[in-house]
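The structure under discussion appears below in the form of structure tokens.
Rule-based calculations on the coordinates, nothing more; no lab input. All values derive from a computational prediction rather than experimental measurement. Ideal geometry is used to build each Cβ from the backbone, glycine not excepted, and the neighbour counts take in all protein chains shown.
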Amino acid sequence: MIIRPKVRGFVCVTAHPFGCAAHVKRQIAAAEAAGPIKDGPKSVLVVGSSTGYGLASRIAATFGCGADSLGIFFERPPENGRLATAGWYNSAAFSEAARQAGRKALNLNGDAFSDEIKARAVELIKAELGKIDLIVYSLASPRRNHPKTGQTHRSVLKCIGQSYTTKSLDTDKNLVTEVTIGDATPTEIEDTIAVMGGEDWEWWIDALEEGGVLADGATTVAYSYIGPEVTWPVYRHGTIGRAKEDLEAAARRLDARLKSTYGRAFVSINKALVTQASSAIPVVPLYISLLYKVMKAKGLHEGCIEQMVRLFKTQMYGGSALDFDDGGRVRLDDLEMRPDVQAEVADLWLRANNDTLRELADLDGYHADFLTLFGFGLDGIDYEADVDVESALVDL
């Protein structure tokens, strides 16, 4: 099979196994080049470990700190000649590299919201890892089957209180378009909180604590985003923002609870990057393409792995202390939100139209990062080669 990218809107429905492996190896090389992280975690659980910041966290922990890990993800495996998802190939490539480096790399593929996966994770930790000293909660899902009520909640990308019309980017045609984001109903707000809020994070800590597998001094971190005002109506002040407020409230409760017996909990606000989740949010792709242009020109651009290595090295470990903002959050978006960066992006936003877009925005960088998520566009991969899908598999 010759595997080529098939993009439908903000999703690529194909993934290249060797390209995904190359993407993982590139992140491993970046983590190793940054040097060892002093006093880092030794046994790590990453909930949502197959792509983006979750995958980068697992790589930073393993190849920066020498940690063993358990990754939780929900990905489609290959079967009957059908390709797996990119997250499956990422996890396979990571697991092989970690094991070659002498580290344990355990995986559970299933619904992280479920009681079953939590119970299986606890038993696997007991059998293979002992106790966990870092829990990364980086789950991104459009829906949640609630394990207590049986109800299916679906998140929505909507405003609250009014609709909002603004610029956006048609990534298929590279055109500036106008998009109107609707006003969410109370039910849609609650559903989005149920999917993307902090309840499940707290339930993971409950399960680990009740199972006796939380190490003394354990840290748990979840990831979020704030961004500039131009994105706030659909992001920070919209349904996603309401869910993120719930996540931050959960962090405060967990921190107060863990401090008395174990360790600490916090939310890290990370940089805007091209991920499978961010690609789906109106306004954000145009903002990211303009941001990339500015940050690359200033030498400030970071990808997921650079962000996570910096988080581990300068905030969580290595003798450093967490540097909180007024909201009790760690700010890994500090370079993105620098006044000079934001002033230039705001100017580009006003000037961006179909005549100026190619000049003002880093469209090539945006599209390259998007395709990389699915294993395409990586150096050293022959994308014209006939791939035997079955022989390209690595045992998870």
Net dipole in debye of region 122-184 [+1 Lys, Arg Cβ; -1 Asp, Glu Cβ; about Cα centre; nearest 20]: 240 debye
Can you tell which of Thr372, Thr177, Thr192 shows the greatest fluctuation in a Gaussian network model of the chain with Cα springs below 10 Å? Thr177
Longest exposed-loop-site-free stretch of the chain, with GluC sites (Glu not before Pro), DSSP loop and at most 13 other Cβ within 10 Å? 1-383
Within the chain, which is the longest segment containing none of the trypsin sites (Lys or Arg not before Pro) that sit in a DSSP loop and have at most 13 other Cβ atoms within 10 Å? 174-297
Candidate values (i) 27.5; (ii) 24.3; (iii) 21.5, label of the one derived for Kirkwood radius over Cα pairs in Å: (iii)
How big is the gap, in Å, between the Cα center of region 123-153 and the Cα center of region 91-110? 18 Å
Subtracting the Cα-Cα distance of Ala29 and Arg257 from 0.36 nm times their residue separation yields 78.4 nm
Given the pairs Lys25/Lys293; Lys6/Lys173; Lys244/Lys298; Lys42/Lys313; Lys118/Lys244, which are separated by over 20 angstrom at their Cα positions? Lys25/Lys293; Lys244/Lys298; Lys118/Lys244
Relative contact order in percent for region 7-372 (Cα pairs under 8 Å, 6+ apart) equals 18 percent
With Gly66 itself left out, Lys, Arg at +1 and Asp, Glu at -1 over residues whose Cβ is under 15 Å from its Cβ give +3
Picking from Leu157, Leu350, Leu286, which is most flexible by a Gaussian network model of the chain using Cα springs under 10 Å? Leu350
Here the relative contact order (percent) of region 151-303, from C-alpha pairs under 8 Å and at least 6 apart, is 28 percent
At Asp386 and Arg351, where each label point lies 7 Å from the Cα along Cα→Cβ, what is the point-to-point distance in nanometres? 5.2 nm
The farthest towards the positive end of the charge dipole of region 295-396, of the residues Met308, His367, Ala346, given +1 on Cβ of Lys and Arg and -1 on Cβ of Asp and Glu, is Ala346
Quote the FRET efficiency, to the nearest 0.05, computed for Arg76 versus Trp203 with a Förster distance R0 of 30 Å and r equal to the Cβ-Cβ distance. 0.75
Divide by every residue of the chain the summed helix terms, -39500 (n - 2.57) for each DSSP H run of at least 4, and state the resulting mean residue ellipticity at 222 nm, rounded to the nearest 500 deg cm²/dmol. -12500 deg cm²/dmol
Under 12 Å, Cβ to Cβ, from Lys42 - net charge with Lys/Arg +1 and Asp/Glu -1: 0
Magnitude of the charge dipole, region 7-372, Cβ model with Lys/Arg +1 and Asp/Glu -1, debye to 20: 660 debye
